[in-house]
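Each value in this text was obtained by applying a stated rule to the coordinates, not by laboratory testing. All of these numbers come straight from a predicted model, not from anything done at the bench. Here the Cβ positions follow ideal geometry from the backbone for every residue, glycine too, while neighbour counts run over all protein chains shown.
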Amino acid sequence: MNAQTLVAKVWNFAHVLRDQGVSYQAYISQISYLLFLKMDEERVTQIGEASMLPKGARWEDIKDLSREALSGTYAKLLEKLSKQSGIIGAIFLKAQSEIQDTAKLKRLVGLIDSETWLGLPVDVKGSIYEGLLARNAEDVKSGAGQYFTPRPHRGDGRSGRPAAAPDRA
């Protein structure tokens, strides 16, 4: 699956959650948490590295659950990870589940579980994330789009925007 198709697949699910009242920013946070869990599992199963996550707070602990078991376990998992020290605690700082509909949470977990994310080239993952941020900026029309718009490269290290005029006081 190419980057555009994957971005569309991931973003289309955001519209389902939007109808439930989950903001696009919250969706990006939730998908980021779930992708982190899934990619940690892939590092363990495909590369043989040790998990960075504590037992009881891993992808394997939620991927096969459904309904209230999934919702409750996911909420506890996020709480546990938010209390970790180091980089894990920083990533999951104040993390909480924002998806109240258990069927929709199960669909999102299934969507993420159906792909092998670690095997995607870094450029594809970057394109997915950039696509989500760009769509979020377009849809919320908050003016934040200026921060997510790729700037043309000039080859001299500058962004391509004109320099600010000197202040003449």
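At a glance:
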read-out: Residue-span extension gain [residue 47 to residue 23] - 0.36 nm each, minus C-alpha spacing; value: 5.2 nm
read-out: Sparsely packed trypsin sites (Lys or Arg not before Pro) within the stretch 1-63, loop by DSSP, other Cβ within 10 Å at most 12; value: 55
read-out: Those residues of the stretch 94-113 whose amide nitrogen sits under 19 Å from the label point placed on residue 64, 7 Å along Cα→Cβ; value: 106-113
read-out: Low-density loop cleavage sites - GluC sites (Glu not before Pro) in the stretch 32-134, where at most 11 other Cβ are within 10 Å (DSSP); value: 49
read-out: Over 25 Å [Cα-Cα, the stretch 3-139], rounded percent; value: 23
